[in-house]
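Contents: one structure, followed by commentary.
Here, each number is a calculation from the coordinates, and none is a lab measurement. Computed from a predicted model, the values in this text were never measured in an experiment. Here the Cβ is made from the backbone with ideal geometry for all residues, glycine too, and neighbour counts use every protein chain on show.
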Amino acid sequence: MTLLATVIVLALLGAIVATVSFLSQNPRCRQLRAFAKEAEFEFQRLAALDRDVRNANFRLINRSEIRHAENQLRGLWNKRAFKCFDYTVLTASGPISQSILLMQCAKSGAGSLHVSHQQGARADVFTETGISSDELRSLHRSLLPASLGNFHLEASSPAALQVLLDTGLTKWLTQHEDVCIEHKQGLLLIYRTGLLLPPDSILSALSAAAELADTLETSDL
């Protein structure tokens, strides 16, 4: 009986190894692994979400049952630690995968921050703008610049957010109209619903994220 149990365990381990090996051979994984090597970033095919990410109370993470990342890149960009990974969210219409970019950002003049596109917010359960558990308050649309009419903005301090919009945030948002943003506990989270970043777009995405982090941190608020 012991021998049989050993054989079964070995067979299961072999199946697991074979499955992981198969999954790691998909084209996107190969492309990102090669990109990471060229860019001198760390790469992990599967990675558990770090505790700081789980504890930050990001809405996107809270609304998903998934607690691991796929094809994770990790490194430094403009002296800021970052992670970029594929993340799947389970929605009423089915699973949706997108690339998430996480970057260190020590502060935001408006405190915690959530920015989403109105159309996207209505279309997907994880970007809806109903009752939230993080006590952020919405900035009324009448107070938004005309160029941000399709955005929904929330912050710990809406009044401070208004000032922040005048110090570079409006310009950044109008240049990246289709992204969702969260800033909490020193972490900046950026994604576009349903978009998996191709390798040749990752560096420009990192530059855009670093620019946004600089804008938030250099505010006089």
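Across the alpha-carbon set of segment 42-217, the Rg to Rh ratio works out to 0.93, Rh being the Kirkwood radius. In plain terms, the C-alpha convex hull of segment 40-81 casts an average shadow of 3.5 nm² when viewed from every direction. In this simple spin-label model, placing a label point 7 Å from the Cα along the Cα-to-Cβ direction at both Ala48 and Asn26 gives a separation of 2.2 nm. Charged side chains reduced to their Cβ positions (Lys and Arg at +1, Asp and Glu at -1) give segment 42-217 a dipole of some 220 debye around its Cα centre.
Once you reduce segment 185-212 and segment 34-111 to the center of their Cα atoms, the two points are 10 Å from each other.
When each of the peptides 180-188, 197-205 is scored by the mean number of other C-beta atoms lying within 10 Å of its residues, the order from highest to lowest reads 180-188, 197-205. For segment 42-217, the relative contact order is 26 percent, taking Cα pairs closer than 8 Å that sit 6 or more residues apart in sequence and dividing their mean separation by the residue count.
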